[in-house]
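The values are calculated or read from the model by the stated rules, or taken from the named source; none is laboratory data. Note that the structure is predicted; figures quoted are calculated from it, not measured. Here the Cβ positions follow ideal geometry from the backbone for every residue, glycine too, while neighbour counts run over all protein chains shown.
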Amino acid sequence: MKYSLLAFVLILFIACDNNDSEKEPVDYKVQNEQEITTYIEKNDLDALKSDTGLYYVINEEGTGEQPTANSDVTVAYKGTFLNGSVFDQSNSSGISFNLQQVIKGWTEGIQYFKEGGSGLLLVPSHLAYGSNNFNGIPGGSVLIFEINLLSVN
C-alpha cells in the first residue's frame, strides 16, 4: 500500500508537469505559401507578393492619401478563410484604427492602397496570429481580407 501511494504521487507530479508553454511554435510558412498559391491559381487572381510573404491584389488603387505604417485609417473589410467561410467583417462604414494596432499583414498591406482603394490581402499565418488560436481562428491559418480603404484620418 505504501508503495502504491508513492507511485500514485509520482505519477501525479509527472502528469501535472506542464511543458505546453515551452513548446516551440509551428512554422507554417511553407504550407501557407502552397495554400496561397493554390488559392490564387484556383481563383485566377493577379496577385503580387511582398518580401515578407504577404500577397495582395489591387482592384482599385484609389486616388487619395496613401497611409504609412503609423497612420490612422478607416477600412471596410470582410475576413474569410481559404474555404470562403467568413470569420469577421465590418459594416459598409468600416472601422477606424491605427495601423500599429492590427496584425502585421494589415500594417503592411493597407499601405499598398490609397484612399478609395480596394482589393485583397492574402495573409500567411506568420503575419497574422502565427501558430496560436485566436478568437475562433485556428493557429496556422491563412486569412483572406477583402478591403476598402475608406479614409486616412
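For the range 97-116, which residues satisfy the criterion of being buried (at least 21 other Cβ atoms within 10 Å of the Cβ) and more than 16 Å from the chain's Cα centre (by Cα)?
Matches in the range 97-116: Y112, F113.
Look at G64 and say whether it is within 20 Å of Y39 (Cβ to Cβ), of a type outside the set (F, W, Y) and either at pLDDT below 95 or assigned to a loop (DSSP other than H, G, I, E, B) (or both).
Taking the combined requirement at face value, the residue does not satisfy it.
Being at pLDDT 95 or above and more than 16 Å from the chain's Cα centre (by Cα) narrows it down to one of G84, G94, G53, G79, so name that one.
After ruling out the rest, the residue left standing is G94.
Among the residues of the range 48-65, count how many are within 14 Å of I147 (Cβ to Cβ) and not charged (D, E, K, R).
Residues meeting the conditions: 7.
For the structure I just gave you, tell me whether S90 is surrounded by 15 or more Cβ atoms within 10 Å (Cβ to Cβ), of a type in the set (S, T, N, Q) and free of Cβ contacts under 8 Å to residues at least 24 places away in the same chain.
Here the answer is yes, as S90 does meet what is asked.
Cβ contacts < 6 Å: first residue in a loop (DSSP other than H, G, I, E, B), restricted to the range 113-132; second residue buried (at least 19 other Cβ atoms within 10 Å of the Cβ) and among the β-branched types (V, I, T), any location; separation 6+ or different chain. Result?
Within 6 Å, the pairs are E115/V152; P124/V142.
Only residues in the range 139-153 that are β-branched (V, I, T) count as the first member; pair them with residues that are surrounded by fewer than 22 Cβ atoms within 10 Å (Cβ to Cβ), Cβ under 6 angstrom, at least 6 apart or cross-chain, and list the lot.
V142/E35; V142/L82; I144/T80; I147/Y77; V152/E65; V152/S71; V152/E115
Considering only residues of the range 5-47 that are of a type in the set (F, W, Y) and modelled with pLDDT of 50 or more, which is nearest to E146 (Cα to Cα)?
Y39
Of the conditions (1) under 16 Å from the mean Cα position of the chain (by Cα); (2) more than 26 Å from V152 (Cα to Cα); (3) free of Cβ contacts under 8 Å to residues at least 12 places away in the same chain, G136 satisfies every one except a single condition; which number is it?
(3)
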